[in-house]
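Peer 1: Just dropping this structure here.
The values are calculated or read from the model by the stated rules, or taken from the named source; none is laboratory data. Please read all numbers here as calculations on a predicted model, not as lab measurements. Here Cβ is always computed from backbone atoms with ideal geometry, including for glycine, and neighbour counts include all displayed protein chains.
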Amino acid sequence: MRHVISTLCGALFATAFATLGFAQGLEEKCLQNFSDICGDTQANECLVGEAQWQKVLPECQGDIQTLFEMANEADAQMDADDRFAGEDPIAPMHGNSDEDNEMLDAEAGIAIGACLDAAESEGRDATTCINTYTDECMARPENGTTAAMRQCINREFAAWDVLLNEDYRAVMESLDTDQQKTQLRDAQRLWNKFVQSYCPLSHVFKGGTVSLISGDFCMMERTARQALSLRQLGASGEGN
């Protein structure tokens, strides 16, 4: 299962404040790819020609394109608003403290957990809880940028990914034979390979900022549905 939060490479600590928040969401391979190309140079200052972009791994193009766009957004905002004069260049997005960001990450899980509990008690389809946090998060006035929208989606993705892992382990532990466990493991690996190949296609085929949001939403929604499918599999007693 994919993890949204990866360890930052030292070279990224010089990136503009809006870029840093997203860099924490890059896969380790893509962080290394960006670091190899740009070192400690900001994305929008480094990736200025076709020759530089050709060094970006195909599977990292969407994420690094977002780093580029976010760096541009950060520079434009700092130029337009003197509130940022003298600010720490690696401050979290929207000026949030680390504690605030942890709270925002946790609130997605809380919202989804509450929705799932309510759906169960009311006899509603649990899939109605998909996108429940993202919709509310994107509606906030401060979340009108591409970077903020992607963070909303990725917070919900992370919450569903936690549930997916929990449900996968629960089903695995309920299985009686090694053959059953191998079948489940292989099926989950195939699913993971599929979504990580399929969801980036909107950006690969179409390009542009909107396609990045579509790719994030694809990963979030499919992760949520897989988590619910595994939960249903466990509840059905298939492993007993």
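Peer 1: Would you point out which residue out of Ala158, Ala224, Ala235, Ala139 is modelled with pLDDT of 95 or more, within 21 Å of Ala114 (Cα to Cα) and out of contact with any Gly (no Cβ under 7 Å at 6 or more places or on another chain)?
Peer 2: Being modelled with pLDDT of 95 or more, within 21 Å of Ala114 (Cα to Cα) and out of contact with any Gly (no Cβ under 7 Å at 6 or more places or on another chain) holds for just one of Ala158, Ala224, Ala235, Ala139, which is Ala224.
Peer 1: Do we find a residue being without any contact (Cβ under 8 Å) to a residue 40 or more places away in the chain, surrounded by fewer than 20 Cβ atoms within 10 Å (Cβ to Cβ) and touching a His at 6+ places or on another chain (Cβ under 8 Å) anywhere in segment 228-240?
Peer 2: no
Peer 1: Is segment 162-174 home to any residue that is more than 23 Å from Glu107 (Cβ to Cβ) and β-branched (Val, Ile, Thr)? Talk me through it step by step, then tell me what you get.
Peer 2: From segment 162-174, those more than 23 Å from Glu107 (Cβ to Cβ) are 168-174; that's our starting set.
Narrowing the set further to residues that are β-branched (Val, Ile, Thr) leaves 171.
Yes; the residues of segment 162-174 include at least one that is more than 23 Å from Glu107 (Cβ to Cβ) and β-branched (Val, Ile, Thr).
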